[in-house]
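Contents: one structure, followed by commentary.
Just so it is clear, none of the values below were taken in a lab; they were calculated from the coordinates. Source: prediction; values computed, not measured. Backbone-built Cβ (ideal geometry, glycine too); neighbour counts: all protein chains shown.
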Amino acid sequence: MKTAVQHNQIQLITYIDRLSGGKITDLQALLDGPLAGLFDGVHLLPFYPPIDGEDAGFDPTDHTAVDSRLGNWTDIERLAADYPLMADMIVNHMSAQSPQFLDVLDKGDASPFWPLFLTRDKVFGDTPAAAELAAIYRPRPTPCFSDITLRNGQTVPFWTTFTANQIDIDVTSAPGAAYLQAILQRFTDHGVKYIRLDAAGYAIKKAGSSCFMLPETFDFIAQLSEQAKARGMTCLVEIHGYHKTQIDIAKRCDLVYDFALPPLVLHTLFSKDATALKNWLQMAPRNCITVLDTHDGIGIVDAADYQGQPGLLTDPQLDALVEQIHQNSGGSSKLATGNAANNVDLYQVNCSFYDALGRNDNHYLLARAIQLFCPGISQIYYGGLLAAENDVALLQRTGVGRDINRPYFNTCTVQQAVQKPVVQALFKLIKLRRTMQAFNGSFNQQLNADSYQLHWQHEGHQASLTITLSNLSAMLSWQHQGETLQQLALASLLS
């Protein structure tokens, strides 16, 4: 099995079918072929049935199964033998089409699965106070309850944080706890090493609160993380929110996302000012996963203010950032964001990162270099790896905003994308970065009038990324222990 140093890793984030065009075995062939030498691990986005559901696998009917169109658990095990795998553990909800919920629809509260699902009255009673309902934090503009009619004619307001097809689980109930344990056991049995706790911030609901990131939520995450750790797994907590909340969460769990990084990198390149980025990296958690793009959009809330507390960027800076993304994408991101598209979130812009930078190869490569020089484990989304452009045709077919950045590739189109100069340059950058032992050590940064440097050193090894802000050019410098210092213009990787 391949081994990697915990703090010096680069991982791939991907759907199996949307990158390989087929099965788990096809993805492994890509990793061993055109993508060889790039990644220390892989985050497999939901591979549970149905992969083509309303939310691209995040609405599982059976969280303990592999969608047969992709393969089976044996295929997962084979992949895990070569690439440490991360799998999503969807703790907040499950599909309305699941056997458990269908049984509830049929039998009502006589179903053994009735306690598994959360209804409004379980939290607020039969006559909820309007003020308490208004206090619930909403990630989307849709209502947080869906009135669903049972077979007996009774209409029940089920809690649906995200969509009416994603029924929230009562994780405090005995069936809820057993459901989560069954998922953990299946992952343990088949070699999953990392679990990503999806939507964990919404898992605990309490009357009189925001029902988001409560003290009880921290306790729930900590308990689940300990259970995973006892099985030899590491937990990544997925929460979008105020940056100080992320810092607090990071103290209580194995790994968190640095979701503030994408807007701060874009702001740095758009404004040619690294002040906000430098300030964040001074305080950012070190036990983090860094991303520029994911299967979701480009987060905005992670850099914004919250309840009067200042954010990493001001409202005018965020407004300018979003408008620049829309301009750079030729307006296509605007078609996929906000009320222009279904399945939307309030806190993100739906756009490929390549289009967010106006398909400028130099700026895109610089953005990736910044990510790779930031503290944490770097994860690169499959669309970003291949410098994918906004898939407006897919958006128009599905009407789902986030599909604009969830393109479908096959073996042929992957081969074509790999030949693009910017993709070749990114491959070179990743491979070069993986040779640098300096990243196992200490990080520091320096910002001058027109220069911003990210620097690492470890036991005689050193590596630096130095950016000239006025023209967004950059130099790479590195030195292996006892060897001569080497330098390379970042743009030269494109030639």
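Across the range 116-161, what is the number of residues that are part of a loop (DSSP other than H, G, I, E, B) and over 27 Å from D198 (Cα atoms)?
Narrowing the range 116-161 to residues part of a loop (DSSP other than H, G, I, E, B): 118, 125-129, 135-144, 150-154, 160-161.
Next cut, over 27 Å from D198 (Cα atoms) only: 125-129, 150-154.
Residues in the range 116-161 being part of a loop (DSSP other than H, G, I, E, B) and over 27 Å from D198 (Cα atoms): 10 in total.
Can you pull out every residue in the range 203-231 that is part of a helix (DSSP H, G or I) and in contact (Cβ under 8 Å) with a residue 24 or more places away in the chain? Steps first, answer last, please.
Just the residues of the range 203-231 that are part of a helix (DSSP H, G or I), to begin with: 215-230.
Once the filter is applied, which keeps residues that are part of a helix (DSSP H, G or I) and in contact (Cβ under 8 Å) with a residue 24 or more places away in the chain, the range 203-231 yields F218, F220, I221, A222, L224, S225, Q227, A228, K229.
Can you spot a residue in the range 396-414 that is part of a strand (DSSP E or B) and closer than 17 Å to L372 by Cα? First the steps, then the outcome.
To start, the set of residues in the range 396-414 that are part of a strand (DSSP E or B) comprises 400.
The next check asks that each one be closer than 17 Å to L372 by Cα; those that pass are none.
Among the residues of the range 396-414, not one is part of a strand (DSSP E or B) and closer than 17 Å to L372 by Cα, which makes the answer no.
Any residue in the range 191-200 that is free of Cβ contacts under 8 Å to residues at least 40 places away in the same chain and surrounded by fewer than 21 Cβ atoms within 10 Å (Cβ to Cβ)? It would help to see each step written out before you state the result.
First, pick out the residues of the range 191-200 that are free of Cβ contacts under 8 Å to residues at least 40 places away in the same chain: none.
For the range 191-200, residues free of Cβ contacts under 8 Å to residues at least 40 places away in the same chain and surrounded by fewer than 21 Cβ atoms within 10 Å (Cβ to Cβ): absent.
Scan N471, N444 and give me the residue that is assigned to a loop (DSSP other than H, G, I, E, B), out of contact with any Leu (no Cβ under 6 Å at 6 or more places or on another chain) and of a type outside the set (D, E, K, R).
Working: N444 fails: assigned to a loop (DSSP other than H, G, I, E, B).
That would be N471, the only listed residue that is assigned to a loop (DSSP other than H, G, I, E, B), out of contact with any Leu (no Cβ under 6 Å at 6 or more places or on another chain) and of a type outside the set (D, E, K, R).
Quick check on my filter: what residues within the range 450-495 are on the phi > 0 side of the Ramachandran plot and over 28 Å from the mean Cα position of the chain (by Cα)? Before you say what the answer is, go through the steps one by one.
Keep residues of the range 450-495 that are on the phi > 0 side of the Ramachandran plot, which gives 459-460, 472, 482.
E459, G460, G482, listed by residue number.
N405: touching a residue at least 24 places away in the same chain (Cβ under 8 Å) and in contact with an Asp or Glu (Cβ under 8 Å, 6 or more places away or on another chain), yes or no?
Values: touching a residue at least 24 places away in the same chain (Cβ under 8 Å): yes; in contact with an Asp or Glu (Cβ under 8 Å, 6 or more places away or on another chain): yes.
So N405 passes the test.
Could you please tell me which pairs satisfy a Cβ distance under 8 Å, a separation of 6+ or placement on different chains, a first residue in the range 479-495 that is within 13 Å of L465 (Cβ to Cβ), and a second residue that is outside any loop (DSSP other than H, G, I, E, B) and charged (D, E, K, R)?
These pairs meet every condition: L493/K428.
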